[in-house]
Structures are given as structure tokens and as C-alpha cells.
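The values are calculated or read from the model by the stated rules, or taken from the named source; none is laboratory data. This structure is a prediction, so every number in the text was calculated from the model and none was measured. Note: ideal-geometry Cβ built from the backbone for every residue, glycine included; neighbour counts use all protein chains shown.
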């Protein structure tokens, strides 16, 4: 039940981010991401781990999506006040994603290559869907932009799973 609730909350947050970016109201997505993260905090017994992991993913997302934006790989419909930087709605979406790392992605704990493949394939599809909805624009040639996004997520997903394991060990001790 927890897995389903967190998965649905993050999917709703993703849709809210896309919708908010398209209509020029990115705060819709930000609020939705905060609510998804809040639900994750309510449903977990590892609150400190989740707070640290969401901060880690938020920082990673800020850096990587800012690099993508500054290189012109991705252009956001609601870019935020600082050109070349990732907007707040995408950073909070990265943070909301942290609620899925455990238990939903617990199976990947000892399968980092499978996690890397999942990240490398699913994230570009998510960005492509956001492109089709008008929340962002993936630059041409699309395959190269999606390859860049896939490489970022091939590191992000197994890295987040590993970070979650390390953080949980420290919380238990």
C-alpha cells in the first residue's frame, strides 16, 4: 500500500509540474512535490534518511538540470528567475522522487546495473513526455539530448539507492 501511495503521489506531482510549467504557474508543481514528499515522510520510519536523501537528490537535480539548461539540451517552459539554472519545480520534482527510492526501488539495492539501465531508459522517456506536453523542450538532435539525460539518470538512480542504504545505516546506528 505504501509503495502504491508514494508512486501515485510522485506521478501526480510530475503531472502537476508539467501542467504548472505549461500554464506559467510552476508553484502548482512545487506544492504538489512538497505534498508528495510530505506523504513519503508520513509513510516511512526512516524520516531522517528521507530528508537527507531528498536534499541530496535536490542538489544533484539542481546541478545536473542546470548543466542541461546552460548547455541548451533542455529549455523549460517556466524557467525560473535565473537563466541557465534549473527551475524550482524540477528541483522539487527530484526531491519528491526520493520517496520512491525505498521501498519501491529496494529491489535494485543489489542490482546497480539494472538500476542504471532503468534510469537510463525511463528518465529520457519522462523528459520526452514533458517535451510533448510543452513543459520543456528537448533540443535537437533529440537522440543526443536524450542520451545526455539518460547518462545523468544512469548515475542518479543507482547513486540514490546506494546513498539511501548508507544514510539508513547511519540512522540505525
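Tabulated results
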{"read-out": "Given (1) touching a residue at least 60 places away in the same chain (Cβ under 8 Å); (2) surrounded by fewer than 19 Cβ atoms within 10 Å (Cβ to Cβ); (3) in contact with a helix residue (DSSP H, G or I) (Cβ under 7 Å, 6 or more places away or on another chain); (4) within 25 Å of residue 131 (Cβ to Cβ), index of the condition residue 48 fails", "value": "(4)"}
{"read-out": "Residue match in the stretch 139-146 (condition: farther than 27 Å from residue 26 by Cβ and either in contact with a helix residue (DSSP H, G or I) (Cβ under 7 Å, 6 or more places away or on another chain) or buried (at least 20 other Cβ atoms within 10 Å of the Cβ) (or both))", "value": "no"}
{"read-out": "Any chance residue 59 is within 28 Å of residue 39 (Cβ to Cβ), part of a helix (DSSP H, G or I) and touching a residue at least 60 places away in the same chain (Cβ under 8 Å)", "value": "no"}
{"read-out": "Tally, over the stretch 76-120, of residues that are within 18 Å of residue 65 (Cα to Cα), part of a loop (DSSP other than H, G, I, E, B) and touching a residue at least 60 places away in the same chain (Cβ under 8 Å)", "value": "2"}
{"read-out": "Selection status of residue 139, under 26 Å from residue 42 (Cβ atoms) and touching a residue at least 60 places away in the same chain (Cβ under 8 Å)", "value": "no"}
{"read-out": "Failed item in (1) surrounded by 13 or more Cβ atoms within 10 Å (Cβ to Cβ); (2) at pLDDT below 95; (3) part of a helix (DSSP H, G or I), with residue 169 passing the rest", "value": "(1)"}
{"read-out": "Answer from 10, 22, 30 - the residue that is modelled with pLDDT of 95 or more, touching a helix residue (DSSP H, G or I) at 6+ places or on another chain (Cβ under 8 Å), closer than 27 Å to residue 169 by Cβ and outside any loop (DSSP other than H, G, I, E, B)", "value": "10"}
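To keep it simple, each residue is scored yes or no on (1) modelled with pLDDT under 95; (2) farther than 20 Å from residue 144 by Cα; (3) out of contact with any helix residue (DSSP H, G or I) (no Cβ under 8 Å at 6 or more places or on another chain); (4) loosely packed, with under 14 Cβ neighbours inside 10 Å.
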site: 58; (1), (2), (3), (4): no, yes, no, no
site: 66; (1), (2), (3), (4): no, no, yes, no
site: 78; (1), (2), (3), (4): yes, yes, no, no
site: 84; (1), (2), (3), (4): yes, no, no, yes
site: 91; (1), (2), (3), (4): no, yes, no, no
site: 99; (1), (2), (3), (4): yes, yes, no, no
site: 108; (1), (2), (3), (4): yes, yes, no, no
site: 120; (1), (2), (3), (4): no, no, no, no
site: 123; (1), (2), (3), (4): no, no, no, no
